[in-house]
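The values are calculated or read from the model by the stated rules, or taken from the named source; none is laboratory data. In this text the structure is predicted, and so the values were computed from the model without any measurement. Glycine gets a Cβ as well: all are built from the backbone with ideal geometry, and neighbour counts include every protein chain shown. For accessibility, only protein heavy atoms count, side chains too; no ligands or nucleic acids. Shrake-Rupley method; radii C 1.70, N 1.55, O 1.52, S 1.80 Å.
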There are 2 protein chains.
Amino acid sequence: MSGIESLNVLAEQFARLPGIGRKTAQRLAYAVLAYSDEDIAAFTRAMTDAKEKIHRCPTCQNLTDRSLCPVCADAGRDRSVICVVEDARAVLAFEKVRSYRGVYHVLHGLISPMSGITPDALTLHELLARLEDDTVKEVIVATGATTEGEATAMYIARLLTPLGIKVTRLAHGIPFGGELEYADEITLSRALEGRRHFEE
Amino acid sequence: MSGIESLNVLAEQFARLPGIGRKTAQRLAYAVLAYSDEDIAAFTRAMTDAKEKIHRCPTCQNLTDRSLCPVCADAGRDRSVICVVEDARAVLAFEKVRSYRGVYHVLHGLISPMSGITPDALTLHELLARLEDDTVKEVIVATGATTEGEATAMYIARLLTPLGIKVTRLAHGIPFGGELEYADEITLSRALEGRRHFEE
């Protein structure tokens, strides 16, 4: 702590950000102090601008600054397949691959009883609303292979299967370039379970 | 890049901060988007407040929100010894030790020809001004043991020695708790050079 109240307040603001510890927060606060008034104005404007302009796409709940996100606005996307992801960054990751032509649904979180995040906190009502007409044939649950990701995937599968919708999930296995001796047991056992014929 | 202009602008602002890479900057920008309007206002206010209230102490150039910094304002400090440091964080580090009773001078940088930082960019004029009466007997150059730190220390020593002021520097050696086998060669050779008699 610097003994300068307004510097400590700024450092605390940085320390609230994910993955920023006390030491780093203090370093960032000092760095901002060295900014010109114009630089400070640019930074604060960037924050308020982003918050003001960016909202959730009314269809897929992804973040966007337009009335519909680019994927939902694209008439060429296949509306019969919805890929359900945790957050906006997962959409970016899938869009980089370019092979996926369906649409998305962004949950904005994962079920986590430990952190008090219940299914109600996710955008599941909005997902169910999208399934009301018969357009959607398949929902790919693409949450991460973590405890919360798996729990959320399971919850969604149980929610949607009774509706007669095909619910699938990403394949688990050895990552590209992964050497067998470095794979953990769960990855190996899943890679075994999911084994396929050659030239399938 | 998210494809959302205002989000990219915000991520770029975070990426300008020291030690924050592109990936981290994007993560921080997304985190700020999840903030409430009140949280955003608190963050931007902390930035402008800190910038507005904090200035350099007219004597030692350390950062402060008062007319004089607490060290310079303290009549109990020994004004005959000035400890010259790179930045405000170094002052904090010394003040934690509590054994130092002199005053400071904050350079706000180190000479670095590679980064285009010349001696003019530091607060050397202000340091020289403090040496004009005969109060100061010793200047301890406490810059870090890096290339820039050493170059700056050397420069200051050459600048002040002709003025008849005792210029000293911190001892180099094995850090407390440091095991010999992990000390690099330069540290070891300096520890040897600086060796002392027992019970000196």
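About its Cα centre, the stretch A:5-53 has a charge dipole of approximately 320 debye under the convention of +1 per Lys or Arg Cβ and -1 per Asp or Glu Cβ, with nothing else charged. Report note on the peptides B:137-145, A:90-98: ranked by the mean count of other C-beta atoms within 10 Å, highest first, their order is B:137-145, A:90-98.
Indicate the gyration tensor shape class of the stretch B:5-53 (rounded, prolate or oblate), computed on the Cα atoms with a ≥ b ≥ c the square roots of the eigenvalues: a/c under 1.5 is rounded; otherwise a/b larger than b/c is prolate and the rest oblate. It is oblate, given that a/c is not under 1.5 and a/b is not larger than b/c. Between A:Ser189 and B:Glu95, the distance separating the two model label sites (each 7 Å from Cα on the Cα→Cβ line) works out to 5.6 nm. Between A:Asp78 and A:His55, the C-beta separation translates, for a Förster distance of 30 Å, into a calculated FRET efficiency of about 0.75. For B:Thr147 and A:Lys166, FRET efficiency with R0 = 60 Å and r from the beta-carbon atoms, rounded to 0.05? Taking R0 as 60 Å, the efficiency between A:Lys166 and B:Thr147 is 0.45. What angle do you read, to the nearest 10 degrees and between 0 and 90, between the alpha-carbon axis of helix A:37-53 and the longest principal axis of chain A? With both axes taken from Cα atoms, the answer is about 30 degrees. The order of B:Asp74, B:Asp134 by accessible area, most exposed first and with a 1.4 Å probe, is B:Asp134, B:Asp74.
Mean residue ellipticity, 222 nm, helices only, chain A: the sum of -39500 (n - 2.57) across DSSP H runs of n ≥ 4, divided by residue count and rounded to 500, is -12500 deg cm²/dmol.
For chain B, what is the percent of antiparallel DSSP beta bridges, rounded to the nearest 5? Here the antiparallel bridges make up roughly 20 percent for chain B. Mean separation of Cα pairs under 8 Å and 6 or more residues apart, divided by the residue count, gives the stretch B:56-197 a relative contact order of 20 percent.
Values of log10 I(q)/I(0) for the stretch B:111-172 across q = 0.22, 0.27 Å⁻¹ run -0.94, -1.26, by the Debye formula with one identical scatterer at each alpha carbon and no solvent.
Relative to the longest principal axis of the Cα atoms of chain B, helix B:88-97 runs at roughly 60 degrees.
Calculate the FRET efficiency for A:Arg45 and B:Asp120 from the Cβ-Cβ distance with a Förster distance of 25 Å, rounded to the nearest 0.05. Plugging the Cβ-Cβ distance into 1/(1 + (r/R0)^6) gives 0.20. Taking every DSSP bridge with both residues inside the protein assembly as shown, close to 20 percent are antiparallel.
Excluding residues fewer than 8 places away in the same chain, name every one of the aspartates and glutamates whose C-alpha is closer than 14 Å to that of A:Lys51. The qualifying aspartates and glutamates are A:Asp65, B:Glu5, B:Asp37, B:Glu38, B:Asp39. Axis angle, to the nearest 10 degrees, between helix B:22-33 and the longest C-alpha principal axis of chain B: 60 degrees. Contact order, relative form, for the stretch A:5-53: 27 percent (alpha carbon pairs under 8 Å, 6 or more residues apart, mean separation divided by residue count).
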